[in-house]
Structures are given as C-alpha cells and as structure tokens.
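Readers should treat all values here as calculations from the given coordinates under stated rules, not as data from a laboratory. Note that the structure is a prediction, hence the values are computed from the model and not measured. All Cβ positions, even for glycine, are placed from backbone atoms using ideal geometry, and neighbour counts span all protein chains on display.
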Amino acid sequence: MSRKVILRNCNIVDVVNQRVLERQSILIDGAQIKKIGQVEELTPLEKELPKESIFELEGREVIPGLIDSHLHLCVVPGLLGSCESDAVLETLRASETLKVLSGAKNAKETLEAGFTTVRDVGQGDNLALRDAIERGFISGPRIVACGWLGVTGGHQEELSPEGIYNVQLRKEDIGVDGPWEIRKKVRELVRKGVDCIKTFVSGGGYIRYPWDHFWSSRESFTDEELKALVDEAHSAGRRVAAHATVSSAIKSAIAAGVDTIEHGLFLDEEDINEMRKKGIFYVPTLTVFKEMWNVDRMEGRKFLPVEKERAKRYLETHLSSFRKAYECGVKIAMGSDTFKVLKHGNNAQELEWMVKAGMSEMEALVSATKTASEALGVDSMVGSIEEGKLADLLVVDRSPLTDISVLRDKRNLKMIMKNGEIICSRL
C-alpha cells in the first residue's frame, strides 16, 4: 500500500498561470499528487492519516522541483585547483568507473539543492548513473540522459591529441561524417538507450588563439548531414539538443529542426524569429560563460590583452542574445552547464543571471520548471504542481518570487520531495 501524505496550509506557486494560490493543502498518494484544494476542503482527509503523515507548513510556499536542462554529472573535479582546465583534464584522464562514482556524488548534491530532474548532456556513462538512480541504488535527480555525436574535427574532438587538451579520444568521441554514417551513429545511440541526442553544430566558445578561430568559428555539419541526424533522431522519438555558438551554426540547426539551441551566443533577429515561430527552445547557459570570460578572473593568468577584450565583447553579445530572445517570446529553459567553473549543487546561480538579464523572478522560476519540462519532453510528469503529476516539490521558507537567490541557500529549502519521497526535511 502506498503512503499518503498531506502538505497542509501552504501557498502553491502555480507556474502554469504564474500566480500564487493561498491556503492550499496537497494530498500525495505514493509518488503522485492526488488532490489539491483549500485547507478546509482537505481537512476531512486528515482524519484518515496518522499524525506523522500531515505536515503543517504554516503558509510557506511550495514550488515545483527544479529542472536543470543542461549539465554534466559524470565529471571529476580538478585536483590541481579550481581552474576549469584542471576539471576537464581530470575528467578526460579518468576511467569510466571513476566518472560514474564522481557522478553519483554530483547527483546527490544536485538533488539536495532542489533539482529533482536534470538533462545530462554527456560525458561518462550517464546511462548507468540514470539507471542506478531509477532503481534506487543511489540518490539523485531524475536524469534525461543524452548521447552525443559530432563530425570529424567537431567540438568533441577538441580534446584530441591534435586539439586543445592533447588527450587520447574515447571511442564515443570519434567523429562521424556523411548522412548515412550519422544515421548509423544515431541508431547506435538509440540502441544503447539514450533519451536524447546532443550534437555539436559548432565549436566551443573559446577566446584563446588559435582555438578562438579554428574551433569556435566553424560550422561543423553540412546541411544534409544535420538534416539526416535530426530526421533519424525524431523517427526514433528522440529530441535533439544542438550545441551552437556562432550564427551560421545556429541558422543551420534551426533549419534542420532541432529541438533546443544550447548556448546560442550569437543569435540575430532572424534566428530569434525562426526559433519563436518553430517553437525551438533556447538554453542560454549564461553563468558558465560569465565565469569563463570574467576578466577579473583572468588577472594573474596568461591571457593576452586581445583575448581579454574578446571575452568582454563575447559576454556582451551573449547577454544581448538572451535579452532579445526573451523580449521576442522565445521559450527559454534554464540550464547551468555545471561542469568546469561551476560546482554541482550551485546550479540555481543560473537563475540569478537570468533575472539580472531581464527576467522577473516568476519568469525565471517558470524557465526552471514548466518550460524546462517541456524542453525535455517530461511535462506530462513534472514541471508544475497539478493533480496527476509526480510529487516533485520544494517547500521554501523565503519566497524566490521576491528574491531568486534564496534558491541557492539550502537552509531555505525546508523540504525536498521527489516522486513523493521526502529527500530531506528541515521543518
């Protein structure tokens, strides 16, 4: 028999209609939200439950469990310090087993920060991590696991002996070329069990010579290749997340019909209008670039003046892209890109930058709940507090609708619930 719980006398943040419902109670039956109503409406049901199954919330807000649409869990922290290159190198040199074990630690920290669902966009055996969490072996968020692919010389090969980090490539990172080879790779990933396809339509956002031009400025796929990738993924019921930084790559990804644009540093008016018309989601990952390109962080490190100037210009362009997309009504899903310069468990920092860039607190919260669930294709299960959905809930002391930064303070998270299970309670 499933356990029933009542969260009594709370204010529910309704992210669907962007309002707060006061003096509500929530009946949870097993993993599911069974009934929502005024306190008086659910009071008779309280008599059927033991006292320890009724949680008096005293008017605290309840929000949906948060969703991070872009992160990397199976990464190994740098042993040499906090520099992003250390984390990258440690991860590339680590065994797959060590990556998954590190991923288990990162997953626990992510869940304890209030993120009950994430999309892991690659690195390490994220499928094993996903399955271990689903089977209850370890604690962590629900994972939408991506498998990735790129062409020869693509972003994933920047890590090769000929690339930036001079590390031997894994088999999974070797590029594929031509529409039929790409279709085969997609089929192999689907057979392996991935939930989503992550592809690299351009290089990374590098500012250092010579990588700034060779890797970052190039569009990776031909139109025929990219169309084959999207067509094959969609025919298998898998969404496509496109890492695309430069304008030409973004345009190709939009034309091919990808589902999400990741990063999108250089969006122009045409890109934004097409994304809005086609319903393509934008996952801007503001914080990771803000940290990587922070000129103050560069002081004392070997950056040329031209590289510092480029970092400043790229940051301004990225923020401008975000603001224009937001103002035009593009669907924006929160994604932190936690991996290199960001710590797992600190994912909500992304929401602060979204607010600083122009969103209201409610809009930022919607981006990390309702919109993110739609981008990941899990909106029938999670993303809002509604009858019939899974009980992924956070009880907060201070309202994120007046100060979004309170979501980074774990002391403010009075209860975290995933699938109706209380992960932690500080009530």
> Considering the alpha-carbon set of the chain alone, what are its Rg and its Dmax in angstrom?
Replying inline: 21.6, 70
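Neighbour counts of other C-beta atoms within 10 Å: give me Thr287, Thr152, Thr110 arranged from fewest to most. Walk me through the numbers before you get to the answer.
On the way: Thr287 23, Thr152 12, Thr110 27.
Lowest to highest Cβ neighbour count: Thr152, Thr287, Thr110.
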> Please report, for the Cα atoms of the range 334-427, the Rg to one decimal and the Dmax as a whole number; what are they, in angstrom?
Replying inline: 13.4, 38
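Looking at the calculated P(r) for the range 86-129, what percent of the C-alpha pair distances fall above 12 Å?
Working: 591 of 946 pairs.
Tail of P(r) above 12 Å: 62 percent of Cα pairs.
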>> Give the lysines reachable from Lys192 as a straight Cα distance under 25 Å; neighbours fewer than 8 places away on the same chain don't count.
In response: Lys99, Lys105, Lys108, Lys171, Lys184, Lys227
> From the backbone phi of the range 223-236, what are the Karplus-calculated ³J(HN,Hα) couplings (6.51 cos²θ - 1.76 cosθ + 1.60, θ = phi - 60°) in whole Hz, Gly and Pro given as x?
Replying inline: 4, 5, 5, 5, 5, 5, 4, 5, 4, 5, 5, 5, 5, 9
> Got a sec? Charge dipole of the chain, +1 on Cβ for Lys and Arg, -1 for Asp and Glu; which of Leu129, Leu351, Ser235 is way out at the positive end?
Replying inline: Leu129
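Suppose R0 equals 25 Å; then what is the FRET efficiency for Lys356 and Val306 from their Cβ-Cβ distance, rounded to the nearest 0.05? Working shown, then result.
Numbers: r = 27 Å, r/R0 = 1.09.
Here the calculated transfer efficiency is 0.40.
In the neighborhood of Met359, defined by Cβ-to-Cβ distances under 12 Å, what is the net charge if each Lys or Arg adds +1 and each Asp or Glu adds -1?
Numbers: positive: Arg323, Lys356; negative: Glu327, Glu350, Glu352, Glu361, Glu363.
Local net charge: -3.
Rank the residues Arg276, Arg408 as a footprinting-exposure proxy: fewest other Cβ atoms within 10 Å of their Cβ go first. Display every interim value, and only then the final one.
Values: Arg276 15, Arg408 18.
Going from sparsest to densest Cβ surroundings: Arg276, Arg408.
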> Amide H of Ser202: which non-local residues (sequence gap of 5 or more, or other chain) have their own amide H closer than 5 Å, using H built in the peptide plane?
Replying inline: Ser220, Thr245
>> Test of the criteria: in the range 300-409, which GluC sites (Glu not before Pro) are in a DSSP loop and have at most 15 other Cβ atoms within 10 angstrom of their Cβ?
In response: Glu386, Glu387
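Determine the calculated [θ] at 222 nm for the chain from helices alone, applying -39500 (n - 2.57) to every DSSP H run no shorter than 4 residues and normalising by the residue count; nearest 500 deg cm²/dmol. Show your work: numbers first, answer last.
Working: 15 runs with 152 residues, N = 427.
Calculated from helices alone, the mean residue ellipticity at 222 nm is -10500 deg cm²/dmol.
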> Any idea what angle helix 179-192 forms with the longest principal axis of the chain, computed on alpha-carbon atoms, 0 to 90 degrees, nearest 10?
Replying inline: 30 degrees
> With the contact rule set at Cα under 8 Å and sequence spacing of 6 or more, what percent relative contact order holds for the chain?
Replying inline: 19 percent
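Can you give the charge dipole size of the chain about its Cα centre, rounded to the nearest 20 debye, using +1 on the beta carbon of Lys and Arg and -1 on the beta carbon of Asp and Glu?
On the way: 59 positive and 66 negative charges, 134 e Å.
That gives a dipole near 640 debye.
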> So what are the ³J(HN,Hα) numbers for the range 18-27, from phi and the Karplus equation (6.51, -1.76, 1.60; θ = phi - 60°), rounded to whole Hz, Gly and Pro as x?
Replying inline: 6, 8, 10, 9, 8, 6, 10, 10, 10, 9
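So if we plug the beta-carbon distance of Val39 and Glu291 into 1/(1 + (r/R0)^6) with R0 = 45 Å, what FRET efficiency do we get, rounded to 0.05? Could you put the intermediate results ahead of the total?
On the way: r = 44 Å, r/R0 = 0.98.
Given R0 = 45 Å and the Cβ-Cβ separation, E is 0.55.
Dividing the Cα convex hull volume of the range 98-154 by residue count, how many Å³ per residue is that?
Details: hull volume 4.6 nm³, N = 57.
Cα-based convex hull of the range 98-154, divided per residue, equals 81 Å³.
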>> I'd like the Karplus ³J(HN,Hα) series for the range 53-65: coefficients 6.51, -1.76, 1.60, θ = phi - 60°, whole numbers in Hz, and an x wherever there's a Gly or Pro.
In response: 9, 10, 10, 7, 9, 6, x, 5, 7, 10, 10, x, x
> For Val13, what charge total do you get from the other residues with a beta carbon under 15 Å from its beta carbon, if Lys and Arg give +1 and Asp and Glu give -1?
Replying inline: -2
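Pull out the extension gain between Glu22 and Thr317, defined as 0.36 nm times the separation in residues minus the alpha carbon to alpha carbon distance; nm, one decimal. Don't skip to the answer; put the middle values down first.
Working: separation 295, 0.36 × 295 = 106.20 nm, distance 4.08 nm.
Extending this stretch completely gives an extra 102.1 nm.
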